[in-house]
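Trainee: Have a look at this one.
The values are calculated or read from the model by the stated rules, or taken from the named source; none is laboratory data. None of these values were measured; they are calculated from a predicted model. All Cβ positions, even for glycine, are placed from backbone atoms using ideal geometry, and neighbour counts span all protein chains on display.
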Amino acid sequence: MDAASAPAETHVFQAEVAELLNLMVHSVYSETDIFLRELISNASDACDKLRYEAIARPELLAGADKLVIRLVPDKAAGTLIVADTGIGMDRQELLDNLGTIARSGTKAFLKSLAEAKEGASLIGQFGVGFYSAFMVADRIEVTSRRAGSADAWLWTSSGGAGFELAPASEEQAKRVPRGIEVRLHLKEDAKRYLEPFELERLVRTYSDHILFPIELVDDKGEARQVNASARSPRSSRRTTRRPTARSSWLSTSRRSRSITRSRAGSPMPCCCSCPRRRPSILAIRTVRAG
Ligand SMILES: Nc1ncnc2c1ncn2[C@@H]1O[C@H](COP(=O)(O)OP(=O)(O)O)[C@@H](O)[C@H]1O
Ligand SMILES: [Mg+2]
């Protein structure tokens with residue numbers, strides 16, 4: 001369906017999603033911070049997917065020059081945007097990915113989430129990270145344009161029984177030449193996520209390893225990169241000296257771990273946690289394949 005002819009539609013969430021959102025909205029979990037890690041992890045996956053698809057179809061990279069993740073707090077509006085220039089989603093993907101949970105074991109997961117005092121690690125492990133944004137937002141708008149598509153779509157939800165899907169307005173579509181913009185209307189008790197120092201702290205704590213630049217945009221519209229891993233070697237604190245055999249091995253290993261982490265959205269045990277023992281080639285391969 002192309003956006004020009006599509007009407008705005010209301011859709012009902014799959015029962016499991018509605019149940020999950022109910023848990024999130026009325027959540028008593030103290031670790032609401034994880035929402036940012038989860039959204040950044042999704043953004044990073046989306047950039048990865050585009051980079052992979054663009055090997056066969058370089059034209060997909062047209063429209064927005066670099067692969068980047070942007071955080072834009074707006075105190076006056078009470079909104080936080082988490083945007084990326086990754087693969088994006090078309091209408092059907094928005095319906096499928098942000099309306100259903102297709103994983104087996106969902107019922108058991110929801111049961112343990114309802115019983116758990118701390119849901120944060122369960123949410124990360126099961127991979128329903130997008131919905132964790134409803135812990136901090138009472139309304140979410142996702143504007144999305146799949147790489148290579150002329151159409152942009154707007155998905156909106158207040159975390160109740162359903163969501164709306166409509167063609168993006170001209171102004172919204174212009175703001176998203178490729179990828180996704182997730183706009184969170186923050187709850188009153190989540191307004192601290194509008195503070196640049198708080199966002200920077202969270203990025204450094206949970207998302208420093210992300211391989212794409214994460215930029216924090218200030219109220220003058222100026223962007224500043226806040227994660228370390230994606231810095232160019234020249235500006236990186238870690239790589240200003242000449243790499244020795246060990247340090248270059250370490251950076252490879254760190255990179256492998258980063259990929260593993262970013263894919264999973266949560267840290268995974270790594271073979272190099274022991275500082276004394278250098279892991280075998282086999283161990284490195286295992287990490288890479290993870
Ligand atoms: N920024 C994004 N760009 C493209 N697709 C996304 C983005 N965020 C979420 N998605 C899609 O929504 C799905 C659900 O996300 P999520 O609930 O975090 O679970 P998971 O990341 O474990 O699959 C993702 O698998 C992906 O297909
Ligand atoms: Mg995710």
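Trainee: Conditions first: (1) touching an Asp or Glu at 6+ places or on another chain (Cβ under 9 Å); (2) basic (Lys, Arg); (3) under 30 Å from residue 18 (Cβ atoms). Residue 224 passes all but one, so which condition is the exception?
Mentor: The one condition residue 224 does not meet is (3).
Trainee: While we're here: Identify all residues within region 85-112 that are modelled with pLDDT of 95 or more, part of a loop (DSSP other than H, G, I, E, B) and among the polar types (S, T, N, Q); write none if there are none.
Mentor: Matches in region 85-112: 85 only.
Trainee: Let me ask something else about it. Select from region 67-101 the residues that are out of contact with any His (no Cβ under 9 Å at 6 or more places or on another chain) and farther than 25 Å from residue 208 by Cα and list them in ascending order.
Mentor: 76, 89, 90, 91, 92, 93, 94, 96, 97, 98, 100, 101
Trainee: I need every pair where a residue in region 28-53 that is within 18 Å of residue 192 (Cα to Cα) and of a type in the set (Asp, Glu) has its Cβ under 8 Å from the Cβ of a residue that is part of a loop (DSSP other than H, G, I, E, B) and within 11 Å of ligand 2 (Cβ to nearest atom), sequence separation at least 6 or different chains.
Mentor: Note: pairs meeting the criteria are 38/265.
Trainee: Follow-up. Return only the number of the condition from (1) in a strand (DSSP E or B); (2) within 15 Å of ligand 2 (Cβ to nearest atom); (3) in contact with a Ser or Thr (Cβ under 8 Å, 6 or more places away or on another chain) that residue 82 does not satisfy.
Mentor: Of the numbered conditions (1) in a strand (DSSP E or B); (2) within 15 Å of ligand 2 (Cβ to nearest atom); (3) in contact with a Ser or Thr (Cβ under 8 Å, 6 or more places away or on another chain), the odd one out for residue 82 is (3).
Trainee: Scanning for something modelled with pLDDT of 90 or more, over 23 Å from residue 11 (Cβ atoms) and over 22 Å from the mean Cα position of the chain (by Cα), does region 195-215 turn up at least one residue? Outline the logic, then answer.
Mentor: Of the residues in region 195-215, the ones modelled with pLDDT of 90 or more are 195-215.
So of that shortlist, the ones also over 23 Å from residue 11 (Cβ atoms) come out as 195-215.
Of the ones still in play, those that are also over 22 Å from the mean Cα position of the chain (by Cα) are none.
No: region 195-215 contains no residue that is modelled with pLDDT of 90 or more, over 23 Å from residue 11 (Cβ atoms) and over 22 Å from the mean Cα position of the chain (by Cα).
Trainee: Could you say whether any residue in region 145-158 is within 16 Å of ligand 1 (Cβ to nearest atom) and in a helix (DSSP H, G or I)? Spell out the reasoning first.
Mentor: Let us first name the residues in region 145-158 that are within 16 Å of ligand 1 (Cβ to nearest atom), namely 145-149, 151-157.
So of that shortlist, the ones also in a helix (DSSP H, G or I) come out as none.
The answer is no; no qualifying residue exists.
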